[in-house]
């Protein structure tokens, strides 16, 4: 057994290609512009995603007004939690599928 140390790309003879492969290769080379250049096409929704991300970045991570109101209600003894509601919400959360 002989081992060739030629690691360069191997060229296929044009006669070995089917006409469909040759046409497909020609279409890809003309569509890409420059040889070896990668391209990607994005849908128009990326603009909407960017706008939503910008809006989300403007929102505070924690709603301080809500946290303060709950803190004051707990400290004054006016905040009452229903154990049944908490247990029901926990079970609902655990049995529901992943958030969509």
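Only the coordinates and a few stated rules stand behind these numbers; no lab work does. Bear in mind the structure is a predicted one, so any value in this text is a computation, not a measurement. Neighbour counts are summed over all protein chains in view; Cβ atoms, including those assigned to glycine, are modelled from backbone coordinates with ideal geometry.
Relative to the present Cα-Cα distance, how much length would full extension add between residue 69 and residue 38 at 0.36 nm per residue of separation? Mind dumping the intermediate values first?
Values: separation 31, 0.36 × 31 = 11.16 nm, distance 5.41 nm.
Extending this stretch completely gives an extra 5.8 nm.
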Evaluated at q = 0.22, 0.33 Å⁻¹: base-10 log I(q)/I(0), Debye formula over Cα of the stretch 58-100: -0.87, -0.98
Ranked by Cβ crowding within 10 angstrom, fewest neighbours first, how are 86, 62 ordered? 62, 86
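What length, rounded to one decimal in nm, is gained on full extension from residue 49 through to residue 93, with 0.36 nm per residue of separation minus their alpha-carbon distance? Could you put the intermediate results ahead of the total?
Working: separation 44, 0.36 × 44 = 15.84 nm, distance 2.72 nm.
Taking residue 49 through residue 93 to full extension adds about 13.1 nm, to one decimal.
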